[in-house]
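A.B. asks: For reference, the structure I am asking about is given below.
Each value in this text was obtained by applying a stated rule to the coordinates, not by laboratory testing. On a predicted model such as this, the values are computed, not experimentally measured, just so you know. All Cβ positions, even for glycine, are placed from backbone atoms using ideal geometry, and neighbour counts span all protein chains on display.
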Amino acid sequence: MITVKDLHKSFGKNEVLKGIDAKVDESEVVCVIGPSGSGKSTFLRCLNLLEDITSGEVTIDKETVNDPRTDINQLRAQVGMVFQHFNLFPHKTVLENVTLGTTKVKKLDANQANELGTQLLEKVGLADKANEYPDSLSGGQKQRAAIARALAMEPKVMLFDEPTSALDPELVGDVLEVMKDLAREGMTMVVVTHEMGFAREVGDRVMFMDEGVVMEEGKPQQLFESPQNPRTQEFLSKIL
Amino acid sequence: MIDTIMDSPYINSLPFLIEGLKLTLIITITGLIFGFILGALAGLGRLSKSRIIYGITTVFVEVVRGTPILAQVLFIYFGISEDLIGVNISGLTAAIIAITLNAGAYIAEIVRGAVYSIDRGQFEAGRAIGLTEKQTMRYIIWPQAFKRMIPPLGNQFIISLKDTSLFSVIAVNELLYQGRTYYNATAEVFETLVMVCIIYLMITVPTSLILRRVERKLDV
Ligand SMILES: Nc1ncnc2c1ncn2[C@@H]1O[C@H](COP(=O)(O)OP(=O)(O)OP(=O)(O)O)[C@@H](O)[C@H]1O
Ligand SMILES: [Mg+2]
């Protein structure tokens with residue numbers, strides 16, 4: 001579903017991604033872990049071209065993301081993204097947040113959009129918040145609304161950038177539940193996370209990134225229990 | 001008793017000063033309407049990726065903000081001669097042009113600042129669901145930025161209102177000019193200027209108060 005070939009990304013002189021190769025199959029859940037500043041977010045943001053790609057190639061569902069001929073807006077609509085800080089639109093209600101893309105990009109009419117939006121809010125447990133503004137939601141509710149917003153575009157792939165790290169610990173569970181449901185339904189997911197429990201339980205594969213390269217990857221069991229790379233061992237010993 | 005109040009030098013100047021206030025408000029409001037249009041365009045220019053547009057609008061903003069409005073209005077009124085442009089610019093026109101340019105330059109920065117103050121994440125969230133850059137600006141950035149522009153725009157109204165008093169040098173009979181004419185004739189300098197200031201305050205203080213309430217309501 002996603003293929004990344006020799007991806008490089010520099011900010012000015014600072015090379016943040018130093019040649020990344022990766023593959024994500026359909027319905028696979030890949031978790032990305034690694035120390036702060038290792039380039040996890042940058043990697044994720046290159047996948048839907050929120051960052052320009054310096055060199056290399058990213059394809060999603062056979063479309064080359066960084067080909068100038070690709071309609072990037074159409075492609076982004078098929079790649080859902082969930083941010084650490086939710087980034088809900090504060091001037092729109094929860095339902096409007098969810099329907100905006102469906103009316104403006106997918107051109108659904110208002111009725112269809114509202115129906116789909118309401119359905120998705122039910123799915124993430126926010127049916128009763130449809131007409132509230134994001135300000136009145138808890139962090140966990142905001143993140144679930146943001147997930148519903150991304151799902152409304154009926155994406156082929158979902159990207160999550162530390163979706164729970166801005167949340168109070170007691171609110172993390174609800175968001176992870178929603179993500180587990182998605183994984184069970186067969187959604188292809190790339191999840192940057194510090195939730196090792198989630199990576200272990202839901203992840204089909206774990207990638208450990210450090211200093212702009214993928215140092216090690218493997219099945220969660222294997223990577224967590226018998227990491228081969230000393231950097232992986234060091235990282236895991238610090239956080240587990 | 002009533003006669004003495006009605007006959008006081010404070011009250012006597014009023015009709016004359018009110019005439020001036022009318023012109024002050026006409027200059028301020030007309031200047032601000034044009035200034036808003038100019039400022040919105042220049043503000044967009046300052047956000048533009050095109051170097052030429054960015055350059056032109058930046059020069060405009062810097063020149064206007066870097067020179068005194070008094071020098072600007074003298075330039076427009078006396079400096080630009082009739083031979084040069086073929087029409088005679090009246091004092092009132094010069095005044096409105098000066099406020100338009102001046103407010104335009106400051107409003108450009110208000111517009112730019114408001115857009116920049118919106119969290120980048122908003123823009124990214126818009127693009128991430130597939131909105132184009134234009135759609136993201138229109139549906140996500142502008143509505144939020146516009147709210148943040150309201151308090152500084154109100155502030156600009158107060159500044160422009162006070163700036164109009166400078167136009168007494170080109171004999172535009174706005175409020176302060178009327179006051180000066182009045183005390184030159186009656187020698188009631190103190191009383192007249194007190195009244196002039198009170199009239200300015202009667203506009204500016206309520207404006208400030210309303211602004212503060214709006215600010216609290218908008219929570220910006
Ligand atoms: N827009 C940018 N401009 C310049 N440098 C950037 C930019 N975004 C990220 N960087 C740099 O790229 C490097 C990697 O950042 P990135 O956010 O991808 O790391 P991360 O692994 O997600 O870290 P964290 O766990 O803290 O989120 C950092 O050194 C950061 O300073
Ligand atoms: Mg990050």
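A.B. asks: Can you bin every Cα-Cα distance in chain A into 5 Å intervals starting at zero and give me the percent of pairs per bin, rounded to whole numbers?
C.D. replies: Here the calculated profile for chain A is 1, 7, 14, 18, 19, 17, 12, 8, 4, 1, 0, 0.
A.B. asks: Relative to the first principal axis of the alpha-carbon coordinates of chain A, what is the inclination of helix A:230-239, with its axis defined by its Cα atoms, in degrees from 0 to 90 and to the nearest 10?
C.D. replies: Once rounded, one gets 50 degrees.
A.B. asks: Taking Cα centroids, how far is region A:12-39 from region A:205-230 in Å?
C.D. replies: Taking the Cα centre of each part, region A:12-39 and region A:205-230 sit 12 Å apart.
A.B. asks: Going by the alpha-carbon gyration tensor, a ≥ b ≥ c the square roots of its eigenvalues, is region A:55-123 rounded (a/c under 1.5) or, if a/c is not under 1.5, prolate (a/b greater than b/c) versus oblate?
C.D. replies: Because a/c hits 1.5 or more and a/b exceeds b/c, region A:55-123 counts as prolate.
A.B. asks: What average count of beta carbons from other chains do you get within 10 Å of the Cβ of residues in B:117-127?
C.D. replies: Counting Cβ atoms of other protein chains within 10 Å of each residue's Cβ and averaging gives 5.
A.B. asks: Radius of gyration and Dmax for region B:19-174's Cα atoms, expressed in Å?
C.D. replies: Cα-based Rg and Dmax for region B:19-174 come out at 17.9, 58 Å.
A.B. asks: Continuing with this model, one more query. Give me the log10 of I(q) over I(0) for the protein assembly as shown at q = 0.12, 0.13 Å⁻¹, as the Debye formula computes it from C-alpha points; what are the numbers?
C.D. replies: Ignoring solvent entirely, the Cα scatterers give -1.01, -1.12.
A.B. asks: Count the net charge of all other residues whose Cβ sits under 11 Å from the Cβ of A:L167, scoring Lys and Arg as +1 and Asp and Glu as -1.
C.D. replies: So the environment of A:L167 carries a net charge of -3.
A.B. asks: Could you work out how far the C-alpha centroid of region A:75-95 sits from that of region B:162-177, in angstrom?
C.D. replies: Their Cα centres are 52 Å away from one another.
A.B. asks: Hey, what number do you get for the protein assembly as shown at 222 nm if only DSSP H runs of n ≥ 4 count, each worth -39500 (n - 2.57), divided across all residues, to the nearest 500?
C.D. replies: -18000 deg cm²/dmol
A.B. asks: What are the DSSP H helices in chain B that stretch 18 Å or more along their long axis, judged by alpha-carbon atoms, and whose average Kyte-Doolittle hydropathy comes to at least -0.5?
C.D. replies: Those that pass (Cα extent of 18 Å or more, hydropathy at least -0.5) are B:14-47, B:51-66, B:91-117, B:142-163, B:189-218.
A.B. asks: Now for a separate question. For a quick check: sort B:K217, A:K9, A:K62, B:K147 by the number of other beta carbons within 10 angstrom, fewest at the front.
C.D. replies: A:K62, B:K217, B:K147, A:K9
A.B. asks: Okay, next question. Taking the beta-carbon count within 10 Å as an exposure proxy, list B:T181, B:T67 from fewest neighbours to most.
C.D. replies: Listed from fewest to most nearby Cβ atoms, that is B:T67, B:T181.
A.B. asks: Cα centroids of region A:158-198 and region B:98-130: how far apart, whole angstrom?
C.D. replies: 34 Å
A.B. asks: When the Kirkwood hydrodynamic radius is evaluated over all pairs of different C-alpha atoms of region A:140-240, what value in angstrom, to one decimal, is obtained?
C.D. replies: Taking every pair of different Cα atoms in region A:140-240, averaging 1/r and inverting gives 14.6 Å.
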